[in-house]
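As structure tokens, the structure follows; a few thoughts come after it.
The values are calculated or read from the model by the stated rules, or taken from the named source; none is laboratory data. Remember, it's a predicted structure, so these values are computed and weren't measured experimentally. All Cβ positions, glycine included, derive from the backbone under ideal geometry; neighbour counts span all protein chains shown. These area figures cover heavy atoms from the full protein model, side chains too; ligands, DNA and RNA do not enter into them. Shrake-Rupley method; radii C 1.70, N 1.55, O 1.52, S 1.80 Å.
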There are 2 protein chains.
Amino acid sequence: MRISELAAATDTSVATLKYYLREGMLPPGAPVSQTRSEYGAEHVRRVGVIRALTDVAGLPVQRARAVLALIDHPGPDLFDELGRAIAQLPPTIDPDAPPPADPEGAYPRARAVIDALGQVWDPRYAAVAQLEQALEAAERAGLAMTPERLAAYAPAIRAIAEYDVSRIPADSSDAIGYAVLGTALYEPVIAALRRLAHQDVAARRLGSPELGGTAQAG
Amino acid sequence: MRISELAAATDTSVATLKYYLREGMLPPGAPVSQTRSEYGAEHVRRVGVIRALTDVAGLPVQRARAVLALIDHPGPDLFDELGRAIAQLPPTIDPDAPPPADPEGAYPRARAVIDALGQVWDPRYAAVAQLEQALEAAERAGLAMTPERLAAYAPAIRAIAEYDVSRIPADSSDAIGYAVLGTALYEPVIAALRRLAHQDVAARRLGSPELGGTAQAG
């Protein structure tokens, strides 16, 4: 297909596609004349990946380019590469901020939760700082995490993560792409499903006029 | 406490507190002289709520004010008020966009998922459009929702939502505050816990040098 058709197929402007091409984020098409290149299904997929990173995950283009580089040229240690790629996703910690002077004591709320779950503790992992920030904000608003809430959430989240990891492709490059996209794209899906489940559970408990006509037995 | 002490207690500038006071988002303190008011624990809590809405949920101040108004003056129908309050949270649908001409057919991916789960279907609920957008983005990036993934996620998300709703306070005003804050504040907690669970599950499956020394038996 021509670049105009690729634009239509991906709902992306030709100017944006040319920008991705110049930045090396989108591989060039096969040249068919001096002024025309031919694009294929792999380009459609790649534009979907770029837009997932920029539009859904909200990455600045340069950061999206760094993630694409990790996907295209994975290093030898898959576990390390996965951590490096996921750490690019927001909410990211300010890359110019100095690392905490005492990483072992810097994340007390996250540490308590991770210890309670018996999970791997590695304060260099970006999600640790992310969890600390989220727990601190909840605490300030008067809705601190409780052992009871953690006990309700943890097995559910573990079940989701077990499924996610069970689907990791064997090939390293595919694995990193899957991990990054699965993390970024399914966080909003999970958030929306939770809100819809709240609505459904609340409708059944609090009563709602809609429920009578349209809901099926749960 | 004085306003300067309230600022210190909430890690918020005096200028920002004065702005909240002017906007009516923060109730005035008890006047103790012509130039001084006294603030208490309820002000600390309220600033935590405002900052949860603005900093964590990312609401523009005017939208945060609308949520606070719903919390402070709940209407007679709790289920409706909950929906209205949650709909203020991002990702919001452009309020100037016209409603879909065919609301029943506008969200095919979300509809299929909600029907598969046997949940309440109400296309006016903002999370429906949110789910549709998230599912469409996943599809475009080549990671479409599958029945298998939905079957793995749905019971886990339902368990989280059941716990959340079971903790709703009986008082309407408290209930709306709890629902808004619980939705906004615990989405990042859940996202961070999922990323940490990924790391833990992947470390156990793929092997990681860190695992030997620090991890406990899972």
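How many residues, within region B:159-183, are in contact with a Gly (Cβ under 9 Å, 6 or more places away or on another chain) and open to solvent by less than 30 Å² (accessible area, probe 1.4 Å)? So the answer is 3.
Of all residues in region B:134-153, none are at pLDDT below 90, within 21 Å of the chain's Cα centre (by Cα) and part of a loop (DSSP other than H, G, I, E, B). If only residues of region A:189-218 that are more than 7 Å from chain B (Cβ to nearest Cβ) and modelled with pLDDT under 60 are counted, the one that is farthest from B:ASP122 (Cα to Cα) is A:ALA217.
When residues in region B:40-74 are screened for being crowded, with 18+ Cβ neighbours inside 10 Å and not in a helix (DSSP H, G or I), 3 of them pass.
Look at A:THR10 and say whether it is at pLDDT 90 or above and closer than 22 Å to A:THR183 by Cα. Considered against the rule, which asks whether it is at pLDDT 90 or above and closer than 22 Å to A:THR183 by Cα, A:THR10 comes out as yes. The selection criterion, being open to solvent by 50 Å² or more (accessible area, probe 1.4 Å), of a type in the set (A, V, I, L, M, F, W, C) and not in a helix (DSSP H, G or I), does not hold for A:ALA106.
Filtering region A:95-104 for residues that are modelled with pLDDT of 85 or more and on the phi < 0 side of the Ramachandran plot leaves an empty set. Filtering region A:20-30 for residues that are over 23 Å from B:ALA137 (Cα atoms) and open to solvent by less than 70 Å² (accessible area, probe 1.4 Å) leaves a non-empty set.
Checking each residue in region A:165-183 for being without any contact (Cβ under 8 Å) to a residue 40 or more places away in the chain, in a helix (DSSP H, G or I) and either more than 7 Å from chain B (Cβ to nearest Cβ) or under 12 Å from the mean Cα position of the chain (by Cα) (or both) picks out A:SER166, A:ASP174, A:TYR178, A:GLY182. Does region A:103-125 contain any residue that is β-branched (Val, Ile, Thr) and within 30 Å of A:ILE50 (Cα to Cα)? Within region A:103-125 (the criterion being β-branched (Val, Ile, Thr) and within 30 Å of A:ILE50 (Cα to Cα)), the answer is no, since none of the residues qualifies.
Taking region B:1-46 only, how many residues are out of contact with any Lys or Arg (no Cβ under 8 Å at 6 or more places or on another chain), under 26 Å from B:SER173 (Cα atoms) and of a type in the set (Val, Ile, Thr)? Residues flagged as out of contact with any Lys or Arg (no Cβ under 8 Å at 6 or more places or on another chain), under 26 Å from B:SER173 (Cα atoms) and of a type in the set (Val, Ile, Thr) within region B:1-46 amount to 2. Contact annotation: residue pairs with Cβ atoms under 8 Å, 6 or more positions apart or on different chains, pairing a residue in region A:104-116 that is of a type in the set (A, V, I, L, M) with a partner that is open to solvent by 30 Å² or more (accessible area, probe 1.4 Å), are A:ALA106/A:PRO100; A:VAL113/A:MET145; A:ALA116/A:PRO147.
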